[in-house]
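Comments concern the structure below.
Read the figures in this text as sums done on the coordinates, not as results from a lab. This structure is a prediction, so every number in the text was calculated from the model and none was measured. Because the Cβ atoms are built from the backbone with ideal geometry, glycine has one as well, and the counts that use them run over all protein chains shown.
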Amino acid sequence: MIPHLIDAGVDVLDPVQPECMDFGEIHAQFGDRLSFHGTIGTQSTMPFGTPDDVRREVFKNLEIAGEKGGLFVCPTHLLEPNVPVENVVAYIKACQDFK
């Protein structure tokens, strides 16, 4: 389906949902033609992971995007009330710390 979206003029794939999509695979295949939004699971990592899990996911996905960029690394959807505040803080800090 993604090639059809590109043909239709889509330039940002939103969301990249890790529970059902492999960002590394999608980026390798389409990273030269698309930018990406998401990659941090709102059904997995954000509500049920630890702050270290959140940090690892942020770093992993930014490393996949590499120097070229093209990724707005963020939760894939709205954060539900069951997301620990510590995980939100870990997400923000990881984004700030990534180099």
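Each of Ile6, Gly24, Phe72 was scored by the projection of its Cα onto the charge dipole of the chain, and the greatest displacement toward the positive side belongs to Phe72; charges sit on the C-beta of Lys, Arg, Asp and Glu. Across the stretch 86-95, coupling constants 3J(HN,Hα) worked out from phi with the 6.51/-1.76/1.60 Karplus curve, θ = phi - 60°, read 4, 6, 5, 4, 4, 4, 4, 5, 4, 4 Hz, and Gly and Pro carry x. Rounded to the nearest 20, the Cβ-based charge dipole of the chain about its Cα centre (Lys and Arg +1, Asp and Glu -1) stands at 220 debye. Globularity index of the stretch 13-97 is 1.02 (Cα radius of gyration / 2.2 N^0.38 Å, N = number of residues).
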